[in-house]
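Take a look at the structure set out below.
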Amino acid sequence: MDRDIPGTTAAPPESAGAPPEPRTSRDDPPAPGASRWAVPVLGFATFAVGTDEFVLAGVLPELGRDLEVPVTTAGQVVTAFALTCAVLAPVLATVTARRARRGVLLFAIAVYLVGNAATALAPTFATVLAAQMTAAVGAGLFVPTAAVTAAALVPPDRRGRAIAVVTTGFTAATALGAPIGTAVGGSLGWRATMWFVAVLAALGLFGVRALVPARVAAPAPEGLRQRLAPLKDRRVLAMVATTLIGFTAVYIPYTYIAVVFEPATGGSGDRLAVLMFTLGVIGTLGNLGAGWLADRFGGRGVVAVALLWTAVSLALFPLATGAYLPALVMIVVYGVGAFAITTPQQHRLITLDPPSAPVLIALNAAVLYLAISLSGVVGAVGIGWVGAGSLPLIAAGLAAAALIVSELGHRMSRQAAAPRPGTAGDGGPAPTVGDGV
């Protein structure tokens, strides 16, 4: 892969030989040659990558029967995929931070494509597990790289919306990719579902190759120690903790939506599919709106409102699971806030430390995958503890805890940005770097 020089612009002819000036987070122009379709195609490719994570849950029974393993064993494919992404995303982002963004994206989606094709051909459960872990390597690298690349392709005042387009692809995987893939599996078998995912990946690969500029300057620190230094920042830890706790809360009712809403659906798969599709569509719209609001008002406020909205709606869940129409209304209300957290969280991290954006976004993506894994564990314990009907109350408590952690992180950011007495900035306005964080 070709190398670019992250965080720099090409020197003009009259200054040839002089070191390039660092680009600032607020003055970066969009990448030269950036197509207006570059960001949307990154969103589509993220949709392709996200579909694998969510579609697997829908075909586990078929996979288990075909490979002669219990469904509980088959479910470990989902856990292995998510944990592989969680562990490797920040490591791979660090290793590839100085590589050309398009090259990294193409490599990542190619690995993901190979992993899913190998899954479709796998003769045993062990090879399925290995193939899905391979696909997860590509997914763990692609998603955060796509978000950082999208932010670099547009002017600073449109970065929130660009990130939202990419992360909306991930959300749309729950609305469209998973239901379609599950339907394909129900008609043609789980291997057909894996080929469906592979075809999506191939389309994403060709789109990225054709529409994303060959050279996109995404800033990153020079050395390994400098790249990992942001992880020592308490503000960063508070933000990723917000992601971990908040999305564990969000995915608990999604993971166990069938049992939570069983009184309302009567066990009908069709009724459940409508609830899932509605949640995915509303979540997609909520995520897009959150990107626009993050550009306008800053990420912190949007995250706070979304978490508060999510906590309240989850607390009201038990009142709406007994009949289908109230359940449908509650899904709409819940979906507005639940998936509006992703984009402003990434917006906050990029604003907090622009030069470290690749590592920070990768870390946030890793924690998001970890939250998906934890939601299954916490939800299973919760069902045994309080029952499926009261499970959303546990999620509501976690959402409230995420809001507290988010506000603590904001307070740390304000304290770090405040001018010290006796400095040149004393008496003047506080620095703008990190505003809205």
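Taking every pair of alpha-carbon atoms in region 190-346, what share in percent sits in each 10 Å bin, from 0 to the bin with the longest distance?
Spelled out per bin, shortest first, that is 10, 26, 29, 25, 9, 1.
So what is the diffusion coefficient of region 62-156 in µm² per second by Stokes-Einstein at 20 °C and 1.002 mPa s, using a Kirkwood Rh over Cα pairs?
Rounded, D is 151 µm²/s.
Place a point 7 Å from Cα of Ala323 in the direction of its Cβ. Which residues in region 247-273 have their backbone N less than 15 Å from it?
Inside the label zone: 263-266.
Order of 329-336, 167-174 by packing, highest average Cβ count within 10 Å first?
Ranked from most to least packed, the peptides come out as 167-174, 329-336.
Carbon and sulfur: what percent of region 273-356's accessible surface (1.4 Å probe)?
Details: 2420 of 3030 Å².
Carbon-and-sulfur percentage of accessible area, whole number: 80.
Protein chains only, probe 1.4 Å: how do Asp270, Asp52, Asp233, Asp66 rank by accessible area, largest first?
Sorted descending by solvent-accessible area, the residues read Asp270, Asp66, Asp233, Asp52.
Any idea what log10 I(q)/I(0) is at q = 0.19, 0.20, 0.23, 0.27 Å⁻¹ for region 248-313, Debye with uniform C-alpha scatterers and no solvent?
For region 248-313 at q = 0.19, 0.20, 0.23, 0.27 Å⁻¹, log10 I(q)/I(0) is -0.82, -0.88, -1.02, -1.19.
For region 107-152, compute Rh as the Kirkwood radius over C-alpha pairs and then the Stokes-Einstein diffusion coefficient at 20 °C and 1.002 mPa s; write the answer in µm²/s, rounded to an integer.
198 µm²/s
Hey, what's region 260-414 come to in accessible area per residue, 1.4 Å probe, Å²?
Spelled out: the 1.4 Å probe surface of region 260-414, per residue, equals 38 Å².
Extending each Cα 7 Å along its Cβ direction at Leu121 and Arg234, get the distance between those two points in nm, one decimal.
Going from the Leu121 label point to the Arg234 one covers 5.4 nm.
How much accessible area per residue does region 75-166 have, in Å², with a 1.4 Å probe?
Details: 2760 Å² over 92 residues.
Here the per-residue accessible area is 30 Å².
With just the Cα atoms defining each centre, how far is region 119-183 from region 350-400? Give it in Å.
17 Å
Expressed as a whole percentage, what fraction of the accessible surface of region 119-185 belongs to carbon and sulfur atoms when a 1.4 Å probe is rolled over the protein heavy atoms?
Looking at region 119-185 in its full context, I get 76 percent from C and S.
At Val91 and Ser268, where each label point lies 7 Å from the Cα along Cα→Cβ, what is the point-to-point distance in nanometres?
4.8 nm
Calculate the spin-label point distance for Glu68 paired with Ala315, positioning each point 7 Å from the Cα along the beta-carbon direction, and give it in nanometres.
Using points 7 Å along Cα→Cβ, the separation is 5.3 nm.
Where does each of 293-303, 40-50 land if you order them by average Cβ count within 10 Å, highest first?
40-50, 293-303
The values are calculated or read from the model by the stated rules, or taken from the named source; none is laboratory data. Since this is a predicted model, take the numbers as computed values, not measurements. We place every Cβ from the backbone using ideal geometry, glycine too, and count neighbours over all the protein chains shown. Only protein heavy atoms, including side chains, enter the accessible area calculation; ligands, DNA and RNA are left aside. Shrake-Rupley method; radii C 1.70, N 1.55, O 1.52, S 1.80 Å.
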